[in-house]
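Taking it in order: structure first as structure tokens, then the write-up.
The values are calculated or read from the model by the stated rules, or taken from the named source; none is laboratory data. Because the structure is a prediction, the values reported are computed rather than measured. When we count neighbours, we look across all protein chains shown, and the Cβ atoms used for this are built from the backbone with ideal geometry, even at glycine. The protein model used for the area step is the full one, side chains on, heavy atoms only, and it has no ligands, DNA or RNA in it. Shrake-Rupley method; radii C 1.70, N 1.55, O 1.52, S 1.80 Å.
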Amino acid sequence: MSYDAIVIGAGAAGLMCAATAGQRGRRVLVVDHNAEPGRKILISGGGRCNFTNLHTAPDRYLSANPHFAKSALSRYTARDFLDLVEAHGIAWHEKTLGQLFCDGSARQIVDLLLTECAKGAVDLALGEPVRGVEHGDGHYRVTLGSCTVSAPALVLASGGPSIPKLGATGLAYELARQFGLSVVQPRPALVPLTLGADEALFRELSGVSAEVEVRWNKVRFREAALFTHRGLSGPAMLQISSYWQHRTPIAVDFLPDAAPDWLLTAKRERPRQQLARSVPLPERLAAVLLDRAGLSGELGAQSDKALRAFEARLADWPFHPNGTEGYAKAEVTAGGIATSGLSSRTMEAQKVPGLYAIGEAVDVTGWLGGYNFQWAWASGRAAGEAI
Ligand SMILES: Cc1cc2nc3c(=O)[nH]c(=O)nc-3n(C[C@H](O)[C@H](O)[C@H](O)COP(=O)(O)OP(=O)(O)OC[C@H]3O[C@@H](n4cnc5c(N)ncnc54)[C@H](O)[C@@H]3O)c2cc1C
């Protein structure tokens, strides 16, 4: 069976690429070992799929080459995908920070992609393991569970290894290496951080959340943080996890809007108030922070110096994560197929004609909030227009 292009991976990027190429008249086969396409899309955004972000910009992506994503992102924008969503009559809403979600369900996005693929007469081979790929005479021969297929173009769209229970694997990296492409060390990203025994007290706060500013080096995010029985999660911590490096601390400002000297002011105004009640944070969190700082009693009983020191500490509280919850819990994989070997315009490997890599398999990783799907759409579109 021969095609113009074979796409490995019926996820966000692969389906977008196949639909684009199919609608240009290319005969396209999409292969996936899962029996249903787009499993990550179905569970994304809490089942409502945060399908793009209105503030998409290249500086919201991590990559060894921060310029790489610019071309594809500028040629297929959040507005372009939103137009497609609206053309399919899918109702949507902006939740926060430019994040767009379906009003109904993530299945509508999978249906949109499958409808677009059908318009391009794309064939799908689902439930088919990829046993091997060979290249010769200008053709890629892909051995599947039940047959062998070939095409002059092969698109690696099988994502990264995060959430193996959904069928995620490192196949794209193996195939990229087979064809001489480099792979930037993959690592779990948008992943909860774990705390060790020294910070075990915080693990007792499981379920408590607060709006914070978290910092690592020069990177900062202001969003909700959530304490878990293993450590730190919530949007703020997931965001910083993509940048965090092992054995380094992160800093948290628990009260980013507090006025200078707010505790001294409170002491003057309400000297009889218990310290624990003057910290405008969830009660259990305030109690643990005071405990760690060794403070208790009424405001009036504290020295100005001690209150100033506590204020400063609340604004710059160090945490020392001892790891992450790994690929089992990581929303994405950072790192991946090195962009240095790919064309930023077409996603084709510079030295391997006909080989393309798109989506999460590539060393381009977005922030939390719809950025990763926008990269999948944009890179899928770029390759789909080229093959
Ligand atoms: C819980 C969760 C929630 C998320 N929510 C959001 C969100 O709301 N917004 C957002 O922008 N991003 C979100 N993401 C990230 C987003 O899902 C991914 O970045 C995106 O799906 C990547 O698209 P992709 O097509 O590159 O890879 P994938 O969507 O992962 O698709 C890869 C496909 O390749 C197939 N495959 C893998 N290995 C093999 C193999 N060996 N043989 C054959 N086929 C294979 C897989 O079965 C899969 O269908 C979320 C991720 C998770 C895990």
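Placing R0 at 35 angstrom, the Cβ-Cβ distance between residue 139 and residue 91 gives a FRET efficiency of 0.20 after rounding to 0.05. For the stretch 180-282, the set of trypsin sites (Lys or Arg not before Pro) satisfying both a DSSP loop assignment and a count of at most 10 other C-beta atoms within 10 Å is given as 218, 247, 272. Comparing Cα centroids, the stretch 91-115 and the stretch 232-251 end up 28 angstrom apart.
So for the chain: antiparallel DSSP bridges make up what percent, rounded to the nearest 5? List each step's numbers first, then the result.
Working: 47 of 63 bridges.
Here the antiparallel bridges make up roughly 75 percent for the chain.
Positive end of the dipole of the chain (Cβ unit charges, origin at the Cα centre): among 181, 306, 240, the Cα lying farthest that way belongs to 306.
Show 228, 265 ordered by accessible area, largest first, where the area counts protein heavy atoms only and the probe is 1.4 Å. Mind showing how you got there, number by number?
Numbers: 228 20, 265 50 Å².
Ranked list, largest accessible area first: 265, 228.
Restricting to lysine pairs 8 or more places apart or on different chains, what number in the chain have Cα atoms under 25 Å apart? The number of close lysine pairs in the chain is 10.
The HN-Hα couplings worked out from phi for the stretch 329-337 by the Karplus form 6.51 cos²θ - 1.76 cosθ + 1.60 (θ = phi - 60°) are 10, 7, 5, 9, 10, 8, x, x, 4 Hz, whole numbers, x standing for Gly and Pro.
Could you calculate the FRET efficiency of residue 74 with residue 298 from 1/(1 + (r/R0)^6), where r is the beta carbon distance between them and R0 is 51 Å, rounded to 0.05? Walk me through the intermediate numbers first.
Values: r = 59 Å, r/R0 = 1.15.
So the FRET efficiency works out to roughly 0.30.
When Rg and Dmax are taken over the Cα atoms of the stretch 1-143, they come to 16.4, 51 Å. Springs between Cα atoms under 10 Å define the GNM used for the chain, and in it the highest mean-square fluctuation of 359, 104, 234 occurs at 104.
For the stretch 1-109, carbon and sulfur atoms together expose 51% of the accessible surface, with a 1.4 angstrom probe and every protein chain in place.
Counting only heavy atoms of protein chains, what accessible area per residue, in Å², does the stretch 20-81 have with a probe of 1.4 Å?
On the way: 2800 Å² over 62 residues.
Accessible surface, normalised per residue, equals 45 Å².
A cut-off of 5 Å between modelled amide H atoms, ignoring neighbours fewer than 5 places along the same chain, links residue 162 with 333. The share of accessible area on the stretch 260-387 that comes from carbon and sulfur is 49 percent, using a 1.4 angstrom probe. With θ set to phi - 60°, apply the Karplus curve 6.51 cos²θ - 1.76 cosθ + 1.60 along the stretch 39-46 and write out the HN-Hα couplings as whole Hz, x wherever there is a Gly or Pro. Result, rounded to whole Hz: 5, 6, 4, 4, 9, 5, x, x.
With N set to the residue count of the stretch 1-41, report its C-alpha Rg divided by 2.2 N^0.38 Å to two decimal places. Could you put the intermediate results ahead of the total?
Values: Rg = 10.1 Å, N = 41, 2.2 N^0.38 = 9.0 Å.
Rg over 2.2 N^0.38 Å, computed on Cα atoms: 1.12.
The amide H of residue 342, built 1.01 Å from its N in the peptide plane, has 350 as neighbours under 5 Å, considering only residues 5 or more places off or on other chains. Each of 96, 333, 323 was scored by the projection of its Cα onto the charge dipole of the chain, and the greatest displacement toward the positive side belongs to 323; charges sit on the C-beta of Lys, Arg, Asp and Glu. For the chain, the Kirkwood estimate of hydrodynamic radius, built from reciprocal distances between every pair of different alpha carbons, is 22.4 Å.
Our compactness index for the stretch 128-178, the C-alpha radius of gyration over the empirical 2.2 N^0.38 Å, is 1.20. Normalised per residue, the accessible area of the stretch 110-191 is 43 Å², obtained with a 1.4 Å probe and no contribution from ligands, DNA or RNA. For the stretch 151-159, the Karplus equation 6.51 cos²θ - 1.76 cosθ + 1.60, evaluated at θ = phi - 60°, returns couplings of 6, x, 10, 10, 10, 8, 9, 9, x Hz by residue, with Gly and Pro reported as x. Using only side-chain charges placed at the Cβ, +1 for Lys and Arg and -1 for Asp and Glu, the dipole size of the chain relative to its Cα centre rounds to 420 debye.
What do you get for GluC sites (Glu not before Pro) in the stretch 179-282 restricted to DSSP loop and a cutoff of at most 14 other Cβ within 10 Å of the site's Cβ? Spell out each step's value before the answer.
Working: sites: 199, 204, 211, 213, 223, 269; in loops: 204.
Answer in residue order: 204.
Taking the Cα centre of the stretch 160-235 as reference, the dipole from Cβ charges on Lys and Arg (+1) and Asp and Glu (-1) amounts to some 260 debye. In this calculation the C-beta distance from residue 270 to residue 198 is compared with R0 = 35 Å, giving a FRET efficiency of 0.55. Measure out, as a whole number of angstrom, how far apart the alpha-carbon centroids of the stretch 325-387 and the stretch 279-294 sit. Each part's Cα centre sits 43 Å from the other's. Taken over the Cα atoms of the stretch 232-387, the convex hull encloses 146 Å³ per residue.
In the context of the full set of protein chains, residues of the stretch 291-387 present 36 Å² of accessible surface per residue (probe radius 1.4 Å, heavy atoms only). Here the stretch 228-325 is treated with +1 on each Lys and Arg Cβ and -1 on each Asp and Glu Cβ, and its dipole about the Cα centre works out to around 240 debye.
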